[in-house]
Amino acid sequence: SSIQYGQLGLFSLAGYPYSLKLLWSPIVDSVYWPQLGRRKSWILPTQLMSGVWMLAIAGSMERWVSEGDVIRLTLSSLLMIL
């Protein structure tokens, strides 16, 4: 079971949030909690959401890979880096 070129191209969409960082980074840097500081105000919630998302998809990831379900793999990777 090999991956088709179309599926590989679809998976490359997971990297687009990095390209859009230039647009959303000023918003993230301008909103912060003074008790935590500028960096921890976005790092802590991001780490928490990533951890929860990893736990949520942990049971399904192996099945998606073995079935070659590129759409679900792409969406889960995309949500992980948003």
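By how many nm would the segment from Tyr16 to Gln35 grow when fully extended, if each residue of separation counts as 0.36 nm and the alpha-carbon distance is taken off?
Numbers: separation 19, 0.36 × 19 = 6.84 nm, distance 3.19 nm.
Result for the pair: 3.6 nm of gain on full extension.
Counting only C-alpha contacts under 8 Å and six or more residues apart, can you give the relative contact order of the chain as a whole percent?
52
Of all alpha-carbon pairs in the chain, indicate the percentage at a distance above 20 angstrom. List each step's numbers first, then the result.
Numbers: 1567 of 3321 pairs.
Counting every Cα pair in the chain, those more than 20 Å apart make up 47 percent.
Any idea what angle helix 21-30 forms with the longest principal axis of the chain, computed on alpha-carbon atoms, 0 to 90 degrees, nearest 10?
30
Can you give me the % of accessible surface on the chain that is carbon or sulfur? Probe 1.4 Å, all protein chains present, nothing else counted.
The value for the chain is 67 percent carbon and sulfur by accessible area.
Suppose all protein chains stay in the model; what accessible area per residue would a 1.4 Å probe give for the chain, in Å²?
Each residue of the chain exposes 81 Å² on average to a 1.4 Å probe.
Could you sort Asp29, Asp69 by their accessible area in this structure, using a 1.4 Å probe and putting the largest first?
Asp29, Asp69
The values are calculated or read from the model by the stated rules, or taken from the named source; none is laboratory data. Source: prediction; values computed, not measured. Ligands, DNA and RNA are stripped out before the accessible areas are found, and what is left, the full protein with its side chains, is counted by its heavy atoms. Shrake-Rupley method; radii C 1.70, N 1.55, O 1.52, S 1.80 Å.
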